[in-house]
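**Student:** Dropping a structure here in structure tokens format, bear with me for questions.
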Amino acid sequence: MAQKIKTLERKYYEVQKKKKKILDLLLDDQLEKALFENSMNELSEEEKTLKEKIEGFNLKLEHEVELKKRIDRLKAALNSNIKLEKFDRHIFESLIEKVIIGKTDENGIVDPYYITFIYKTGLDNTVNGDKYRIDGRKKDSGVLPSKDADVVTVLPSNREDDRG
């Protein structure tokens with residue numbers, strides 16, 4: 001986009017040079033006044049069009065730069081692991097496209113502790129959720145612990161239901 005702006009600016013300055021040249025020709029009595037006015041009107045119209053295009057591209061460029069800065073600030077904030085004091089659902093929904101819980105590694109082992117955030121900008125961020133467990137437990141393996149087979153838990157029955 002910066003290249004387009006430079007090209008348009010070059011054309012704009014060329015039009016300004018032509019206008020000065022035509023004015024010089026008029027002042028040196030080498031050009032008729034009617035031809036001068038016609039040429040100046042055409043060049044002024046072209047100059048105006050080029051100026052509007054340059055301003056439009058500059059505005060687009062400023063928006064792109066501002067958007068890039070905002071994305072960079074967001075990335076920096078996400079990478080700095082700031083602790084949020086309050087969750088804002090509207091901000092979350094405006095930034096996040098979807099959340100994927102768990103992942104499968106190249107060996108086919110499922111790890112349910114990974115969280116992947118897919119942003120609406122197309123970027124993604126994967127976090128190892130195991131680091132953020134509230135109870136401080138660490139996962140030992142991919143297998144859930146089971147109860148001992150020799151421990152029997154007897155639940156008391158509701159005697160009213162047994163009389164039936």
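The values are calculated or read from the model by the stated rules, or taken from the named source; none is laboratory data. Source: prediction; values computed, not measured. Positions of Cβ are backbone-derived with ideal geometry, glycine not excepted, and every protein chain shown enters the neighbour counts.
Yes/no matrix, rows are residues, columns are (1) surrounded by 14 or more Cβ atoms within 10 Å (Cβ to Cβ); (2) outside the structural domain of residue 118 (by TED's automatic domain parsing); (3) of a type outside the set (Asp, Glu); (4) without any contact (Cβ under 8 Å) to a residue 12 or more places away in the chain:
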{"residue": "28", "(1), (2), (3), (4)": "no, yes, no, yes"}
{"residue": "48", "(1), (2), (3), (4)": "no, yes, yes, yes"}
{"residue": "55", "(1), (2), (3), (4)": "no, yes, no, yes"}
{"residue": "94", "(1), (2), (3), (4)": "no, no, yes, no"}
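**Student:** If the requirement is being of a type in the set (Val, Ile, Thr), outside any loop (DSSP other than H, G, I, E, B) and within 30 Å of residue 2 (Cβ to Cβ), which of these qualifies: 101, 71?
**Tutor:** Within the list 101, 71, the selection yields 71.
**Student:** Could you please find all residues in region 10-48 being charged (D, E, K, R) and in contact with a helix residue (DSSP H, G or I) (Cβ under 6 Å, 6 or more places away or on another chain)?
**Tutor:** As a first pass, look at region 10-48 and keep what is charged (D, E, K, R): 10-11, 14, 17-21, 24, 28-29, 32-33, 37, 42, 45-48.
Within region 10-48, 11, 18, 19, 46, 47 meet the criteria.
**Student:** While we're looking at this one, here's another question. From the list 2, 34, exactly one residue is in contact (Cβ under 8 Å) with a residue 12 or more places away in the chain and loosely packed, with under 12 Cβ neighbours inside 10 Å. Which is it?
**Tutor:** Values: 34 fails: in contact (Cβ under 8 Å) with a residue 12 or more places away in the chain.
Of 2, 34, the one residue that is in contact (Cβ under 8 Å) with a residue 12 or more places away in the chain and loosely packed, with under 12 Cβ neighbours inside 10 Å is 2.
**Student:** Inspect all residues belonging to region 39-46 and state whether any of them is in a helix (DSSP H, G or I) and more than 30 Å from residue 1 (Cα to Cα). Lay out the reasoning, then the answer.
**Tutor:** First, pick out the residues of region 39-46 that are in a helix (DSSP H, G or I): 39-46.
This time we only want the ones that are more than 30 Å from residue 1 (Cα to Cα), so: 39.
Within region 39-46, one or more residues are in a helix (DSSP H, G or I) and more than 30 Å from residue 1 (Cα to Cα).
**Student:** Here is a list: 116, 49. Which entry is more than 18 Å from the chain's Cα centre (by Cα) and hydroxyl-bearing (Ser, Thr, Tyr)? Write out each step before concluding.
**Tutor:** Values: 116 fails: more than 18 Å from the chain's Cα centre (by Cα).
Answer to the selection: 49.
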